[in-house]
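Asks: The structure's right below; bear with me while I get my questions together.
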Amino acid sequence: MKKILVVEDEESIRLVLTLMLKAEGYTVDSAEDGRAGIEHAKSFAPDLIVSDVMMPELDGYGMLEALRADPRFADTPFIFLTALGDRTNIRRGMNLGADDFLNKPISRVELIEAVTSRLKKYENAARSLAERMVAGNDELKRWYRQSLSGAEAERPLAIAETAGMTGKMVVATVLFADIRNFTTYSERLAAGQIAELLNAYFEVVCQPIVRNGGRIAKLIGDGIMVVFEARPEDGEDNHARRAIRAGLGIVLAANKFGDWFKQRFGLGALPEFATGVGIHTGDLMEVHIGPPGAEDLTVVGDSVNVASRLEGQTKELGWPVVASAAAVGMAGSLVSVGESRLLELRGRNAPVEAMKVTGIGAYVGAQEGPIEVPASVRAALAENAQMTARAAKAALSETLRVITGELSRALVAGQPLQIKGYRVLSKIGEGGMSNVFLAERETDGRQVALKILNARPSDDKQLLQRFIQESALIYDIEHSNVVKIYDKGFTDDYAYIAMEYFAGGSLKDVIAHGLNPRQALSLLAQAAAALAEIHRLGIVHRDVKPANMMLRADGTMVLADFGIAKHSAGSMETSAHGEFFGTPYYISPEQVDGKPATERSDIYSLGIIFYEMLMNRRPFVGDSIDELIAQHLHAPVPRLSDALADYQGLLDAMLAKDPAERLQNADAVLAAIDRVWTQAALRANKALGPD
């Protein structure tokens, strides 16, 4: 059922219009002026708006202008009701984006015909757009899938060959620009964040494009194609010069945008945000594609392909703006260039001379200051951002889904595969949540553990969240006793993490072979140092146990597996089903009670491990989980053997049932370890006697 918003300051007219529309089966909301109309539109999301022109607070023109600036309402059909019938007022409304004018007094037949007609036209346009988006989405998915798997990928441009086409031939300048390393960024961002990134980015880079008279011909994911044509007002200026000026402006705007990008998303160690721009001047054919009345104007030809290929060379060359000699020659002496190179471009028999553009002189009459980006452009940018976000994440999902099956089959057949810069060597683990592969990083040969999620949200959304947050919480931590995450990528239902590989196994394996007290104390100190670091950052591990403490080849112990870790503020211990998080043998009393976990909960778990290292057995065991957790709640702190009496005080301080009576933080644990170590050393020296 279609929804219609009526905005009219006269209550009697507003009521009549509402009743007319409701009688036709529409859902109707109403507002008394333009300002209220904007708020109602945001909450009601109408399919069509009928509005008076002359209203208090904010008139119909002001309301329409505000709504058209919002991508959500850029194309919403809008009908004005007015007693103003002069051409000037109608033209003003049409320029702001009105779809129709109806003069008061209005009959029921006129109103319903206008509403029906406008809704039908909008539906036809939306259907055509959806069909184009589906096709474009499939092309983008293929491109991202190739990028993720490491194959050489050709960005989809939907540029048709000119053979058999008819249209208008022009000489113009084409500019291509896109975000470098966008595929890497999209792996690390959620779909909504990708859309937010693209909307903010294009808002910035469209400024120099519009300022220099460019026409946006196509949006291709994170890329944009712009055409600069000759204009009567150009004078001494020309389209090549305007394109180069716009290209340099895009690069400068993107460099400044990088600061916003870092602050907003905080993705850690990634390539600097940058944009590459390719520019070429030559013959183009302007053609209309699509059914009569709904054609899209586009440009095709060799010049389009050359500009695209030049943009593709920017990263390899290390030149932010690459222009052909044809474009630089037409732009004239105002353009400053650096190196030049003959490039063999795919699809061309002859090489193209490419130049590094470094600057351009000032042009009298050039526009300065912010430029208003048209509402229609904003709407197209918003649609592209959403489509690109969906395509990127869908491609990664599909790639990872195929990878997990292919890896296992290929490894069995002795055919190692490559994933995103990693050469997979063997499968080293499997669980209900993920498969873990030993892989080698191609850049430096470092061995890593590549963990790939098996679950889908329909299986268990909590597993997906745990998997993602495992890397998100600690990605930027640089500490010798905390696991290092090298790389990560995720979609809404699949994810992978490349992390440090531990050849020495886990503390669980070490305990099984036995430890002397000094070894146990040393390992306890390393574990406490790791907890001190993560607690300083507000992270509570919530699952401290020997299997999550890994050993490097040099014997260093490392805290790993942050799958259920949380920031300390507000982290509750029970799920919606009343199940506690953590491992029953090492869980703290407060976690059993479902109270918020704190850093003192991790200290309790560490105390259990300390007992196990010293005694080579767990302090609490039982025939059932209920029996086991009852001991955590009520059993006294376990006693060490007489030979280990020096360590009982430290153990008591870590295993106090009441968190308030426990050692309050990991730094206090380290201080207590130092005291015990010193006392034990003094006692040992005294036992040896004088020299």
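Asks: Using modelled backbone amide H atoms (1.01 Å from N, in-plane), which distant-in-sequence or interchain residues come within less than 5 Å of ILE360's amide H?
Replies: Amide H neighbours of ILE360, under 5 Å, 5+ apart: SER336.
Asks: Another one. With respect to the cross-link table entries LYS218/LYS262; LYS393/LYS595; LYS427/LYS545; LYS42/LYS451; LYS262/LYS545; LYS22/LYS42, which display a Cα-Cα separation exceeding 32 Å?
Replies: Exceeds cut-off: LYS393/LYS595; LYS42/LYS451; LYS262/LYS545.
Asks: For LYS488, list long-range residues whose amide hydrogen, built 1.01 Å from N in the peptide plane, is under 5 Å from its own amide hydrogen.
Replies: When sequence neighbours closer than 5 places are left aside, the close amide H contacts are ALA498.
Asks: Ok, one more. Which percent of the accessible area of the stretch 193-249 is formed by carbon and sulfur heavy atoms (probe 1.4 angstrom)?
Replies: Working: 840 of 1650 Å².
Reported share for carbon and sulfur atoms: 51 percent.
Asks: Which distance in nm do the two modelled labels at PHE265 and SER426 give, with both placed 7 Å along the Cα-to-Cβ direction?
Replies: 3.7 nm
Asks: Further question on the same structure: Compute, for HIS634, the solvent-accessible surface of its heavy atoms (probe 1.4 Å) with the complete set of protein chains present, and express it in square angstrom to the nearest 10.
Replies: For HIS634, the solvent-accessible surface is approximately 140 Å².
Asks: Shifting gears a bit: Go through the stretch 439-449 residue by residue and turn each phi into a ³J(HN,Hα) via Karplus (6.51, -1.76, 1.60, θ = phi - 60°); whole Hz please, and just put x for glycine and proline.
Replies: Coupling constants for the stretch 439-449: 9, 10, 6, 5, 5, 9, x, 5, 7, 9, 9 Hz.
Asks: Another question, if that's okay. Report the GluC sites (Glu not before Pro) located in the stretch 1-38 that are in a DSSP loop and have at most 15 other Cβ atoms inside 10 Å of their Cβ, or state none. Please list the in-between numbers first.
Replies: On the way: sites: GLU8, GLU10, GLU11, GLU24, GLU32; in loops: GLU8, GLU10, GLU24, GLU32.
Passing sites in the stretch 1-38 are GLU10, GLU24.
Asks: So what does ILE625 come to for accessible area, using a 1.4 Å probe and Å² rounded to 10?
Replies: 90 Å²
Asks: Report the net charge of residues surrounding GLU661, where surrounding means a beta-carbon distance below 10 angstrom and charges are Lys +1, Arg +1, Asp -1, Glu -1.
Replies: Net charge in that neighbourhood comes out at +1.
Asks: What ranking of SER426, SER471, SER117 comes out by heavy-atom accessible area, probe 1.4 Å, highest first? Each step should come with its number before you reach the end.
Replies: Values: SER426 40, SER471 5, SER117 65 Å².
Heavy-atom accessible area, descending, gives SER117, SER426, SER471.
Asks: Which ³J(HN,Hα) values in Hz, rounded to whole numbers, follow from the phi angles of the stretch 242-250 under the Karplus curve 6.51 cos²θ - 1.76 cosθ + 1.60, where θ = phi - 60° and Gly and Pro get x?
Replies: Values, residue by residue: 5, 5, 5, 4, 5, x, 5, x, 4 Hz.
Asks: If I take R0 = 60 Å and measure r between the Cβ atoms of SER107 and VAL171 in this structure, what FRET efficiency does the formula 1/(1 + (r/R0)^6) give, to the nearest 0.05?
Replies: Efficiency computed from Cβ-Cβ geometry: 0.65.
Asks: For the stretch 583-597, just list the computed ³J(HN,Hα) in residue order, Karplus coefficients 6.51, -1.76 and 1.60, θ = phi - 60°, integers in Hz, with x standing in for Gly and Pro.
Replies: 9, x, 5, 10, 6, 7, x, 5, 5, 4, 6, x, 8, x, 6
Asks: Going by amide H atoms built from the backbone, whose H comes under 5 Å of the H on LYS218, apart from near neighbours?
Replies: Those qualifying (amide H under 5 Å, at least 5 residues apart or on another chain) are MET225.
Asks: Say each of ALA525 and GLN631 gets a label point 7 Å from the Cα, pointing the same way as Cα to Cβ; how far apart are those two points in nm?
Replies: About 3.0 nm, to one decimal.
Asks: Let me ask something else about it. For the stretch 171-236, state which GluC sites (Glu not before Pro) are in a DSSP loop and have at most 15 other beta carbons lying within 10 Å of their beta carbon.
Replies: Working: sites: GLU187, GLU196, GLU203, GLU229, GLU233, GLU236; in loops: GLU229, GLU236.
Answer by residue number: GLU236.
Asks: Could you give the radius of gyration (one decimal) and Dmax (whole number) of the Cα atoms in the stretch 299-358, in Å?
Replies: Final numbers for Rg and Dmax: 11.2, 31 Å.
The values are calculated or read from the model by the stated rules, or taken from the named source; none is laboratory data. Remember, predicted model here, so these are calculated numbers, not experimental data. Glycine also receives a Cβ, built like all others from the backbone with ideal geometry; neighbour counts cover every protein chain displayed. Just so you know, the surface numbers come from the protein's heavy atoms only, side chains and all, with ligands and any DNA or RNA stripped out. Shrake-Rupley method; radii C 1.70, N 1.55, O 1.52, S 1.80 Å.
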